Amino acid sequence: MISLSHRIHPNRWLIWTIVVAVVVAIILVWTITIFSIEKEFEISPDQITLALHMRLRRMPIVPVLDTSQQLDTSNWKTYRNEKYGFEFKYPSNFRNPIEKKNGIDFGNVHFGYDEDIRLSVGVGGRDVQNIDQLIQELQKEESTPVLAYGGSGVSYFNFERGAFGSDDSLKLNGRYEGGFASTNFYVIHNQHLYTLSYNTETDGSSDEEFKAILSTLKFFEPNNQ
């Protein structure tokens, strides 16, 4: 009688080779599948930006301003800029506007130092032709490392896109390095980008006050003489 423990298959090496090859093939297929899934769901910064653009484009174009609860602006002062053709009212407790090369600053009357700016108004300053290009510029600001620890020092949120009269506009909140925060309103009129940045950290500031300021913003034909 021949012992079964001594019976060795004559093609044992071929069998082991096939087994190893099958195992390697399974591992290879599994690795390729996992890699493909990761690549499929991998989200790049450009894709995030594109997704934001698509989301904003799908927003219905509605009035940005909520005029249901405005402050009384009858006793407010009026700022008028003949060069760029716009005007708006501002509270009487603002200091007289300081016109600079790239904009106009309105400070609090309660404080005497220039850094306490309640409202800043600018015309131009960005090479953009429409709100989509503006959004791209804002996204670049957020993603560009400028701080020692790698952050950009700025974040934008609460995007609210809509129409200001017949012009496309954008309203958002910004938070900057050092804790400074503002509500920013952008509108493109006659190929000019108008920016109103309202400092929400100063004494007496409020959302209702900024809404009331925006509700008085008007454009007219500029005097280029």
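State all residues of segment 73-104 that are in a loop (DSSP other than H, G, I, E, B) and touching a helix residue (DSSP H, G or I) at 6+ places or on another chain (Cβ under 7 Å); if no residue qualifies, say none.
Start the filter on segment 73-104 by keeping residues that are in a loop (DSSP other than H, G, I, E, B), which leaves 73-76, 82-85, 91-93, 95-97, 100-103.
Residues satisfying the conditions are THR73, PRO91.
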- Determine whether segment 183-194 contains at least one residue that is closer than 13 Å to ARG118 by Cβ and aliphatic (A, V, I, L, M). no
- Just one of (1) at pLDDT below 85; (2) among the polar types (S, T, N, Q); (3) surrounded by fewer than 17 Cβ atoms within 10 Å (Cβ to Cβ) trips up GLN139, so point out which. (3)
- Looking at (1) surrounded by fewer than 14 Cβ atoms within 10 Å (Cβ to Cβ); (2) at pLDDT 85 or above; (3) out of contact with any strand residue (DSSP E or B) (no Cβ under 6 Å at 6 or more places or on another chain); (4) among the polar types (S, T, N, Q), which is the only condition ASN81 fails? (1)
- Failed condition for VAL121, given (1) at pLDDT below 80; (2) assigned to a strand (DSSP E or B); (3) hydrophobic (A, V, I, L, M, F, W, C), with all others met? (1)
- Item | Among (1) on the phi > 0 side of the Ramachandran plot; (2) modelled with pLDDT of 85 or more - the single one GLY178 does not satisfy | (2)
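The values are calculated or read from the model by the stated rules, or taken from the named source; none is laboratory data. Since we're looking at a predicted model, the values are computed, not measured. Note that each Cβ is placed from the backbone with ideal geometry, even for glycine, and that neighbours are counted across all protein chains shown.
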